[in-house]
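Engineer: To start, I am sharing the structure in question, which I have written as structure tokens.
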Amino acid sequence: MNFFTSLLNALPGAAAQGMVWGLMAIGVYITFRVLDVADLTVDGSIATGGAVCVMLVRMGWNPWAAMLCAFAAGLVAGLVTGILHGHCGIPAILAGILTQLALYSINLRILGGKANQALSVDKYPLVVSQRYVRDTNLQNPIPLLIVFIIAVIMALYWFFGTEKGCAIRATGANVHMARAQGINTRSYTILGLMLSNGLVALAGAFLAQYQGSADVGMGRGAIVIGLAAVIIGEVLFAKVFHNFALHLLAVVIGAIIYYIVLQIVLQLGLNTNDLKMLSAAIVALFLAIPYWQSKVSGARRKGGAKHA
Amino acid sequence: MLEVKGVRKTFFPGTVNEKVALAGVDLTLKDGDFVTVIGGNGAGKSTLLNVVSGTMSADSGSIVLDGQDVTRLPEHRRAKYLGRVFQDPMMGTAPGMLIEENLALAARRGTHRGLKWGITREERAEYREMLRQLELGLEDRMTTRTGLLSGGQRQALTLLMATLRRPKLLLLDEHTAALDPRTAAKVLELSDKIVAEHKLTTMMVTHNMKDAIAHGNRLIMMSNGRVVLDISGEEKKHLTVSQLLEMFNKISGSDEANDKMLLA
């Protein structure tokens with residue numbers, strides 16, 4: 001019984017955290033699924049977003065304005081990776097790693113040379129805070145997060161339906177076709193990377209407020225959590241959700257499920273230190289499954305009739 | 001319409017793998033010319049098309065399209081003037097996007113892409129009518145992902161996309177080579193129809209001598225990176241496969257006729 005009551009107690013926190021990471025995972029979805037690029041910049045840009053937001057709020061800024069600046073900082077991080085990849089010929093993964101590494105130093109500078117800066121909800125009018133996650137009033141972060149995420153999904157649904165958005169999708173789907181149709185695939189890859197990292201940094205700004213601090217290491221392994229959310233969402237909803245907006249929603253639900261499962265295994269007595277290993281193993285497994293499936297069905301198809 | 005002057009292209013220059021793909025190609029296409037291009041493996045046919053389309057850059061020489069020098073123009077800028085269908089049916093369409101979305105992308109080739117909606121209601125009606133004319137039943141599958149189409153359906157769709165905005169030059173790079181004979185014949189017939197309908201200037205690379213003779217008003221043969229034979233008009237009309245084969249063997253200095261070219 002004790003197990004269930006403590007799990008029930010932990011559920012709202014897990015849900016809220018899952019939503020914040022769901023926003024981040026939407027950013028990962030844009031690069032990983034739409035652009036077909038694995039962008040590791042996000043480990044750095046999520047911390048950049050958190051750091052920018054915390055420092056500006058501490059300086060007395062309105063938290064929404066601070067979050068807008070965090071978003072802009074993420075756009076710049078994506079731009080740097082995009083330039084390294086598109087204009088310097090560096091493979092996308094390596095370009096992301098380089099930016100991520102550079103961002104570690106930059107994030108330390110933003111945080112005033114400290115590894116950690118606190119942002120107490122007592123002193124500042126924060127948008128979301130962990131403290132109220134079990135309250136039943138408007139200070140509870142969950143309703144706000146739900147509204148915000150729906151707004152982001154709607155905005156992205158609109159954007160990826162426009163001519164520009166379609167060009168990004170074509171770039172990710174087939175570069176040869178995109179170029180043959182006059183699409184500057186380099187520019188649109190950069191645009192996609194910017195948008196993705198902007199969203200990730202925005203999630204970082206939410207996360208820093210939610211947990212009441214920004215930490216230079218808060219993004220470590222973020223890409224894996226983002227990928228886990230994307231994959232869980234796909235595995236569970238691929239058969240039901242066919243629309244782009246619903247795909248994004250599936251990603252957010254994937255992140256929430258990820259955090260709830262995490263809570264359960266923690267309650268079951270898993271050592272916190274082993275969490276990252278567990279996450280990595282889960283993501284590796286789910287990335288491998290489609291590959292194995294394709295090998296099996298490919299071997300089966302070889303004997304069959306060819307499509308006309 | 002197209003003027004290719006002294007174009008050279010060498011792969012891996014200065015290494016043991018050095019390969020001269022184009023050894024100074026000169027070629028002029030008149031408005032409305034439909035040229036078929038034949039030649040053995042490594043003769044430079046595909047490289048020529050790639051240099052014209054901008055997929056590869058020429059080492060030297062110039063490419064002028066309708067009076068504009070496009071030699072240094074990047075691929076996506078040149079796309080404004082070109083329609084292209086590739087050998088690989090996977091290359092011409094975006095598999096994860098719908099048939100109508102692929103068409104809408106093609107309809108915006110060479111235009112500024114802004115924040116307007118990517119496809120309009122009027123467009124959908126137009127596309128439906130165009131697809132109906134293909135007679136492949138695609139007009140009822142406009143919201144199907146192109147990844148689910150067969151190779152022949154994809155090539156037909158790519159052909160439609162390549163000509164949706166009338167190109168100054170249509171480049172067909174062995175676009176039926178990956179299809180079974182019946183489907184290949186159908187796609188070729190469709191190509192002929194579209195080219196004739198819009199009076200498109202066209203270059204079609206093929207491995208099949210019979211197709212090269214049966215289509216277009218002009219035939220060129222390439223060998224070792226050069227245009228070695230240029231036949232048009234009445235002479236081309238009366239050409240036979242055996243005559244062409246003989247010329248091919250004489251020019252290439254051997255009788256190792258390419259198996260693929262005999263496929264008729």
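Engineer: Would you mind pulling out the separation of the Cα centroids of the stretch B:1-37 and the stretch A:142-165, in Å?
Structural biologist: The distance from the Cα centre of the stretch B:1-37 to that of the stretch A:142-165 comes to 49 Å.
Engineer: Could I ask something else about it? In peptide A:160-168, how many Cβ atoms from other protein chains are near each Cβ within 10 Å, on average?
Structural biologist: Neighbouring Cβ atoms belonging to other protein chains average 6 per residue here.
Engineer: For the stretch A:275-288, take each phi angle, set θ = phi - 60°, evaluate the Karplus expression 6.51 cos²θ - 1.76 cosθ + 1.60, and give the result in whole Hz per residue in order, putting x for glycine and proline.
Structural biologist: 4, 4, 4, 4, 4, 4, 5, 4, 5, 4, 4, 6, 6, 6
Engineer: Normalised by the residues of chain A, what does the relative contact order come to in percent, with Cα pairs under 8 Å and at least six apart?
Structural biologist: Relative contact order for chain A comes out at 34 percent.
Engineer: Same structure again: Residues of B:88-98, mean number of Cβ from any other protein chain within 10 Å of their own Cβ, rounded to a whole number?
Structural biologist: 5
Engineer: Using the structure shown, list the pairs from B:K30/B:K186; B:K5/B:K168; B:K168/B:K236; B:K19/B:K168; B:K9/B:K45; A:K164/B:K168 with a Cα-Cα distance above 20 Å, or answer none.
Structural biologist: Over 20 Å Cα-Cα: B:K30/B:K186; B:K168/B:K236; B:K19/B:K168; A:K164/B:K168.
Engineer: If you don't mind, another one. Picking from B:L98, B:V85, B:H112, whose Cα lies most toward the positive end of the charge dipole for the stretch B:79-132 (charges on Cβ: Lys, Arg +1; Asp, Glu -1)?
Structural biologist: Value: B:H112.
Engineer: Next up: Where in chain B are the DSSP H helices whose alpha-carbon span along the long axis reaches 15 Å or more and whose Kyte-Doolittle mean is at least 1.6?
Structural biologist: none
Engineer: Please name which of B:P74, B:N41, B:V16 has its Cα lying farthest along the dipole of the stretch B:1-82 towards the positive end, using unit charges on Cβ (Lys, Arg +1; Asp, Glu -1) and the Cα centre as origin.
Structural biologist: Among B:P74, B:N41, B:V16, the one farthest towards the positive end of the dipole of the stretch B:1-82 is B:V16.
Engineer: For the protein assembly as shown, what proportion of DSSP beta bridges, expressed in % and rounded to the nearest 5, is antiparallel?
Structural biologist: 60 percent
Engineer: Explain nothing, just the number: dipole magnitude of the protein assembly as shown about its Cα centre with +1 on each Lys and Arg Cβ and -1 on each Asp and Glu Cβ, in debye rounded to the nearest 20.
Structural biologist: In total the dipole reaches around 600 debye.
Engineer: Provide, in order from the shortest bin, the percent of all Cα-Cα pairs of the stretch A:59-150 in each 10 Å bin, continuing until the bin that contains the maximum pair distance.
Structural biologist: Bin by bin from 0 Å, the calculated values are 14, 31, 30, 20, 5, 0.
Engineer: Restricting to DSSP loop positions (anything but H, G, I, E, B) with no more than 11 other Cβ atoms inside 10 Å of their own Cβ, which trypsin sites (Lys or Arg not before Pro) remain in the stretch A:205-277?
Structural biologist: A:K239
Engineer: Based on alpha-carbon positions alone, could you give the equivalent ellipsoid semi-axes of the stretch B:136-211 from the gyration tensor, as √(5λ), descending, whole Å?
Structural biologist: Three semi-axes, in Å: 20, 17, 10.
Engineer: Within 10 Å of each Cβ in A:181-189, how many Cβ atoms from other chains are there, averaged over the peptide?
Structural biologist: The mean count of partner-chain Cβ atoms within 10 Å per residue comes to 6.
Engineer: Can you compute the charge dipole magnitude of the stretch A:19-255 about its Cα centre, using +1 on each Lys and Arg Cβ and -1 on each Asp and Glu Cβ, nothing else charged? Give it in debye, rounded to the nearest 20.
Structural biologist: Dipole size: approximately 140 debye.
Engineer: As a test of the definition: with a 1.4 Å probe, what buried accessible area, both sides summed, do you compute for A against B, in Å² to the nearest 100?
Structural biologist: Separately minus together, A and B give about 2500 Å² buried.
Engineer: If you don't mind, another one. Compute for the protein assembly as shown: radius of gyration divided by Kirkwood radius, i.e. Rg/Rh, restricted to C-alpha atoms, rounded to two decimals.
Structural biologist: Over the Cα atoms of the protein assembly as shown, Rg/Rh equals 1.07.
Engineer: If you take the square roots of the eigenvalues of the alpha-carbon gyration tensor of the stretch B:71-114 and sort them as a ≥ b ≥ c, do you get rounded (a/c under 1.5), prolate (a/b over b/c) or oblate?
Structural biologist: oblate
Engineer: Kindly tabulate the residues in the stretch B:37-79 with an accessible-area decrease of at least 20 Å² between the chain alone and the assembly of all protein chains, using a probe of 1.4 Å.
Structural biologist: Flagged in the stretch B:37-79: B:E75, B:H76, B:A79.
Engineer: Given B:M247, B:A196, B:S223, which one lies farthest toward the positive end of the charge dipole of the stretch B:122-264, if we put +1 on the Cβ of every Lys and Arg and -1 on the Cβ of every Asp and Glu?
Structural biologist: It is B:A196, whose Cα lies furthest towards the positive end.
Engineer: Under the classification rounded if a/c is under 1.5, otherwise prolate if a/b is larger than b/c and oblate if not, where does the stretch A:19-255 fall, given a ≥ b ≥ c as square roots of the Cα gyration tensor eigenvalues?
Structural biologist: Here the stretch A:19-255 falls in the oblate category.
Engineer: Also, I was wondering about something else. Rounded to whole Hz and in sequence order, give me ³J(HN,Hα) for the stretch B:83-91 from the Karplus expression 6.51 cos²θ - 1.76 cosθ + 1.60, θ = phi - 60°, writing x for Gly and Pro.
Structural biologist: x, 9, 10, 9, 5, 7, x, 6, 7
Engineer: Let me ask you something else. FRET efficiency for A:S187 and A:I146, Cβ-Cβ distance as r, R0 = 45 Å, nearest 0.05?
Structural biologist: The formula returns an efficiency of 0.85 here.
Engineer: In Å², what does the accessible area per residue of the stretch A:19-255 work out to with a 1.4 Å probe?
Structural biologist: Value returned for the stretch A:19-255: 39 Å² of accessible area per residue.
Engineer: Provide the per-residue ³J(HN,Hα) series for the stretch B:24-29, in order, calculated from phi with Karplus coefficients 6.51, -1.76, 1.60 and θ = phi - 60°, each as a whole number of Hz, with x at glycine and proline positions.
Structural biologist: x, 9, 10, 7, 10, 10
Engineer: By its C-alpha gyration tensor, with a ≥ b ≥ c as the square roots of the eigenvalues, how is the stretch A:178-308 shaped: rounded for a/c under 1.5, else prolate for a/b larger than b/c, else oblate?
Structural biologist: It comes out oblate by the Cα gyration axes.
Engineer: Taking the simple approach of a point 7 Å from Cα along Cα-to-Cβ for both B:D140 and A:Q293, what is their distance in nm?
Structural biologist: 2.9 nm
Engineer: Also, quick follow-up: Ranked highest first by the average count of other Cβ atoms within 10 Å around their residues, in what order do B:78-90, A:138-150, B:183-195 fall?
Structural biologist: B:78-90, B:183-195, A:138-150
Engineer: What is the magnitude of the charge dipole of the stretch B:127-195 about its Cα centre, with +1 placed on the Cβ of each Lys and Arg, -1 on the Cβ of each Asp and Glu, and no other charges, expressed in debye to the nearest 20?
Structural biologist: So the dipole magnitude of the stretch B:127-195 works out to roughly 260 debye.
Engineer: Within 9 Å, Cβ to Cβ, of B:G44, how many net charges do the neighbouring residues add up to if Lys/Arg are +1 and Asp/Glu are -1?
Structural biologist: Net charge around B:G44: +3.
The values are calculated or read from the model by the stated rules, or taken from the named source; none is laboratory data. Keep in mind it's a predicted model, so treat the numbers as computed, not measured. Glycine also receives a Cβ, built like all others from the backbone with ideal geometry; neighbour counts cover every protein chain displayed. These area figures cover heavy atoms from the full protein model, side chains too; ligands, DNA and RNA do not enter into them. Shrake-Rupley method; radii C 1.70, N 1.55, O 1.52, S 1.80 Å.
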